[in-house]
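**Q** Structure incoming, see below.
The values are calculated or read from the model by the stated rules, or taken from the named source; none is laboratory data. All figures in this text were calculated on a predicted structure; none of them were measured in a lab. Methodologically, a virtual Cβ is constructed for each residue, glycine included, from the backbone with ideal geometry; neighbour enumeration extends over all protein chains shown. Quick note on the areas: whole protein, heavy atoms, side chains included, nothing else; ligands and nucleic acids left out. Shrake-Rupley method; radii C 1.70, N 1.55, O 1.52, S 1.80 Å.
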Amino acid sequence: MARKVLWFLAACASSLWSWELLIFNPYLGLLAIATSFILYLSLFNPIRKLLLLSLLFISALTVFQIKLTPKDLILSFTPAEKTLARVRTGEYPPYTNFITRRWEERKESAAVSVMIRNFSEVIDPNLYFFASHPRERIGTGEVEKFSYLLIPFFIHGLVMIRKLPGKHNLFLISIPALTTIILGDIKTLGPFAFYPFFASIISLSFFKIGEKIKLWAEKKS
Amino acid sequence: MKTTVAFILLIIFSAALFLYQLDKVPAGLYADEVSTGYNAYSLLLTGKDEYGKPYPIAFKLLGSYTPPLYTYLTVPSVWLFGLNAFSVRLVSALSAVLLVITFYLLVRGLRISSSRSLPLIASLFFALTPWLIINNRTGHEATLALLLFAAGVFSLWKGLKEQSFLVLGFLTLSASIYTGHTAKFLVPIFSLAYLIVFRKTLFSKSYLKMLVAGIALAFFIQIPNLAIAFTPAFSVKGQLFYSSEVVRQANYATQTIPQSLAIPYFAIREFLSQFFTYFSPRSLFFLPDPDPQRSFPELSAFYPWMVIPYLIGITILIKTRKELSSKFILLLALSTPIPAALTKDPFSTYRALPALIPLMLIISLGINWLKEKLGKAALPLIIIAIIYSLFLLWRSLFVLLPHERAVTWGYGFQALAEEIKKHPDQKIVIDPSRLKPVYIELAYFLPLPPPLLQDSHDLTVRDNYYQHVAFNPPSNLSNIEIRGIIWEKDIYEEKIIVGDEFAVSPVQAEEHALRKIFEIRDPLGKIIFQGFQTDPIEKRLKKPKSHSS
């Protein structure tokens, strides 16, 4: 248990995102780290208590994210979008107006396009390891979340997770995923409700590698 | 029989899709296309390019020293169809049709599925891919390069079972180096990786002879390239590397880490960030290429719904990574984005076009998995996907693109050439500020006799063709001067002044007695060019005011 904790703390310390969250709001940072720890433990030992705790903490973190996210009116066009939609409607052949007007000018189209954009940002690996570089989001001061040096550990952790009994707990990611897709995230901090999933996977990798090194050292001696 | 009929229908559909309104969509011809087309025209009539160089190994064009194959293949097209958008783009469109056939053969050869319909379905979606269509409708070398690369890759895959294909594979890959700059980097990288990954098979006794023959022949056909390999022209694209960005980031970080660590750290970061972009779902399915000439409005490299089979395909590929076909797909997927990842352009669909093949193979893996899981329910979903994709394609390609990107694609130059033809004896000044290279667009549409353009260029270029890499467009073409307006002089001489909407304001026109004689607008009604006739006598009669320019 002590080694698990040690590697977990090492993973959190190596992540710039942890520090960004702690600096922004210490309670938020501690909540994110605590959530990650509970999720991490539940991967090894999927007891009901840990699963419920994970659900509770992830929900709390998600609520925190929702509260901090600017509530852009996703069912409305901005003035620039309204102008573009009007111009575009004029570009279509007249006989298609019965479809194209609905496609270009309805509020639902605006909502769908915002959600698609949010979804595309959430599943972009560059967001998490390169601060969206080289396709930074316009008007966003992107923060570094995880160093690219942690990519091999993240991939290793994903491979290792398949062998763990609590791997299904990762489906709790659907909670922040759903809210982020609908509402977006606070661009300056990123979708921090996803932090526990990355932190726990990287911690797992650190732990597994640590165990291998320990075994190898024991064999040698 | 059914499969054969379906295959023929697929080819007919692809040909129709790639050739329909080829000359009108995109509207206009942009500078690179015009440059290629005019040089083909010049070769046809004089045996020399626009600079007067006979049969170059690499064409200087607008300073890019483009490998020559596409331009040479455009010569018969220009001979048959004349100097127009169709003749310039035809080779690209025909390459795309052959590419669909090659992709079909590759999917069948890799045995991604036991189903006979999967190669057809995968090839249909390949043909519909926006990434392929935007390149096939452009008169440049990218699609031809992809065709030769795909053919080489297919042959090398076959070569793992039948040695004789190794020779064809290496030869075709070597030939692809004569099509584009990307191939110069990609072919050696891919070939080396191929030899390493499949070394047990390739270096066995039964394969060695064909392998050596293939590589030797591949080197042999590179002799013309070797002749210019150590000239500045061969490495003209080196400026695209992001060394200055790496140094900038390293300098910023030297407050915390020493520069000896910072530079390698940020160099690797820059490369990996560029590399991962070519696998990022955001870039592949949701964001268009940032270059407006390399993308459709509101459409990315692939359709948004393809993200689902893509993610499934990646999972399957990793799970089956030890199988021969999966190894081959992984090899392609990891090597093809490397040349583009070495440049500073964020997500260049032009430079990373070879990655289209492995990415589409991954999507095909996902489609196959869904097809097997859904059973009979798969067919209506496939039909819905086709219809949805066709709608998005129609909207972006045939509605939005001709209106919103017309000026980006050089729309207006043809009309400008027609206006110029109406005044053969008048001096004309064209202000090139904010415009694409004007000289080559006008040379193409007038059209200018090649000897005239050859003499308009700096004559030292043809003597030091591969050393003289600086690009200085000619400023005098017959009765046309391409330069900024000299207000102190031009308004006192009889001539026509041409510029965009900002070149001459209504106040200036009034003050300097300029009479507007033509206006060329884009499909959205925005002014592209305005032409003014000077009136020196009227100007001299007007009260002198302070010169505004």
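**Q** Taking the Cα centre of each part, how many Å lie between the range B:328-389 and the range A:127-159?
**A** The range B:328-389 and the range A:127-159 have Cα centres spaced 23 Å from each other.
**Q** Take peptide B:282-294, look around each residue's Cβ out to 10 angstrom, count Cβ atoms belonging to other protein chains, and average those counts.
**A** Details: counts 13, 5, 1, 4, 8, 5, 0, 0, 2, 0, 0, 0, 0.
If you average over the peptide's residues, the count of other-chain Cβ atoms is 3.
**Q** Counting only protein heavy atoms and using a 1.4 Å probe, what share of the accessible area of the range B:269-413 belongs to carbon plus sulfur, as a whole percent?
**A** Numbers: 3460 of 5020 Å².
Percent of accessible area from carbon and sulfur atoms in the range B:269-413: 69.
**Q** From the Cα gyration tensor of the range B:382-529, with a ≥ b ≥ c the square roots of its eigenvalues, which class applies: rounded if a/c is under 1.5, or else prolate if a/b is larger than b/c, or else oblate?
**A** Cα axes put the range B:382-529 in the oblate bin.
**Q** Once neighbouring chains are kept in place and the probe is 1.4 Å, which whole percent of the accessible area of the range B:1-139 is contributed by carbon and sulfur? Don't skip to the answer; put the middle values down first.
**A** Numbers: 3180 of 4710 Å².
With neighbouring chains kept in place, the figure for the range B:1-139 is 67 percent.
**Q** Right, another one. Percent of accessible area on chain A owned by carbon and sulfur, 1.4 Å probe?
**A** On the way: 8250 of 11520 Å².
Within chain A, the accessible surface is 72 percent carbon and sulfur.
**Q** Report, as a whole number in µm² per second, the diffusion coefficient that Stokes-Einstein gives for chain A at 20 °C and 1.002 mPa s using the Kirkwood radius over alpha carbon pairs. All intermediate terms of the calculation are to be shown ahead of the outcome.
**A** Details: Rh = 19.3 Å.
In µm²/s, the coefficient rounds to 111.
**Q** Using only atoms on other chains, find how many Cβ atoms lie within 10 Å of each Cβ of peptide A:120-131 and report the average.
**A** Numbers: counts 11, 3, 2, 7, 8, 7, 10, 2, 0, 4, 8, 2.
For this peptide, the per-residue mean of nearby foreign Cβ atoms is 5.
**Q** Per residue, how many Å² of accessible area does the protein assembly as shown show with a 1.4 Å probe?
**A** 45 Å²
**Q** Moving to a separate point now. Per residue in the range B:385-399, which ones lose no less than 30 Å² of accessible surface when going from chain alone to all protein chains (1.4 Å probe)?
**A** B:PHE391, B:TRP394, B:ARG395, B:VAL399
**Q** Another question, then. Taking amide H positions as placed in the peptide plane 1.01 Å from N, state which residues far from B:LYS495 in sequence (5 or more) or on other chains have amide H under 5 Å from it.
**A** Answer set, sorted by chain and number: B:THR534.
**Q** Averaged across the residues of A:86-95, what count of C-beta atoms belonging to other chains lies within 10 Å of each residue's C-beta?
**A** Working: counts 0, 3, 7, 0, 2, 10, 6, 2, 0, 0.
Per-residue shielding by partner chains comes out at 3.
**Q** Okay, next question. At 7 Å along the Cα-to-beta-carbon direction for both B:TYR492 and B:ARG111, put a label point, then send me their distance in nm to one decimal.
**A** 8.5 nm
**Q** At 24 Å minimum axial length over the Cα atoms and a Kyte-Doolittle cut of 0.0, report the qualifying DSSP H helices in chain B, or say none.
**A** The qualifying helices are B:2-19, B:85-110, B:142-159, B:181-197, B:259-277, B:356-374.
**Q** Which FRET efficiency, nearest 0.05, do B:LYS376 and B:LYS2 yield, Cβ-Cβ r, R0 25 Å?
**A** Working: r = 18 Å, r/R0 = 0.71.
For R0 = 25 Å, the calculated efficiency reads 0.90.
**Q** Separation of the range B:135-205 and the range A:1-45 by C-alpha centroid, Å?
**A** 47 Å
**Q** Can you tell me the FRET efficiency between B:ASP535 and A:THR89 if r is taken as the Cβ-Cβ distance and R0 is 35 Å, rounded to the nearest 0.05? Could you put the intermediate results ahead of the total?
**A** Details: r = 43 Å, r/R0 = 1.23.
The pair B:ASP535/A:THR89 has a calculated efficiency of 0.20.
**Q** Pairs B:LYS489/B:LYS539; B:LYS436/B:LYS526; B:LYS24/B:LYS53; A:LYS212/B:LYS322; B:LYS427/B:LYS542; B:LYS421/B:LYS495: which are spaced more than 21 Å apart, C-alpha to C-alpha?
**A** Working: B:LYS489/B:LYS539 12 Å; B:LYS436/B:LYS526 17 Å; B:LYS24/B:LYS53 32 Å; A:LYS212/B:LYS322 24 Å; B:LYS427/B:LYS542 23 Å; B:LYS421/B:LYS495 14 Å.
Beyond 21 Å between Cα atoms: B:LYS24/B:LYS53; A:LYS212/B:LYS322; B:LYS427/B:LYS542.
**Q** Charges at C-beta only: +1 for Lys and Arg, -1 for Asp and Glu. How large is the resulting dipole of the protein assembly as shown about its Cα centre, in Debye rounded to 20? Walk me through the intermediate numbers first.
**A** Working: 77 positive and 52 negative charges, 731 e Å.
Taking the Cα centre of the protein assembly as shown as origin, the dipole is about 3520 debye.
**Q** Also, quick follow-up: I'd like the interface area for chains A and B: accessible area of each alone minus the complex, both sides summed, 1.4 Å probe, protein heavy atoms only. What is it in Å² to the nearest 100?
**A** Numbers: alone 12960 and 24430 Å², together 34620 Å².
In total, this chain pair buries about 2800 Å².
**Q** As a check on your grasp of the helix formula, calculate [θ] at 222 nm for chain B: sum -39500 (n - 2.57) over DSSP H runs of n ≥ 4, divide by the residue count, round to the nearest 500. Display every interim value, and only then the final one.
**A** Working: 27 runs with 307 residues, N = 549.
Roughly -17000 deg cm²/dmol at 222 nm, from the helical runs in chain B.
**Q** If you don't mind, there's one more thing I want to ask. Taking a quarter of the surface of the convex hull around the Cα atoms of the protein assembly as shown, what do you get in nm²? Let's see the in-between values first.
**A** Values: hull surface 164.3 nm².
Averaged projected area of the protein assembly as shown's Cα convex hull equals 41.1 nm².
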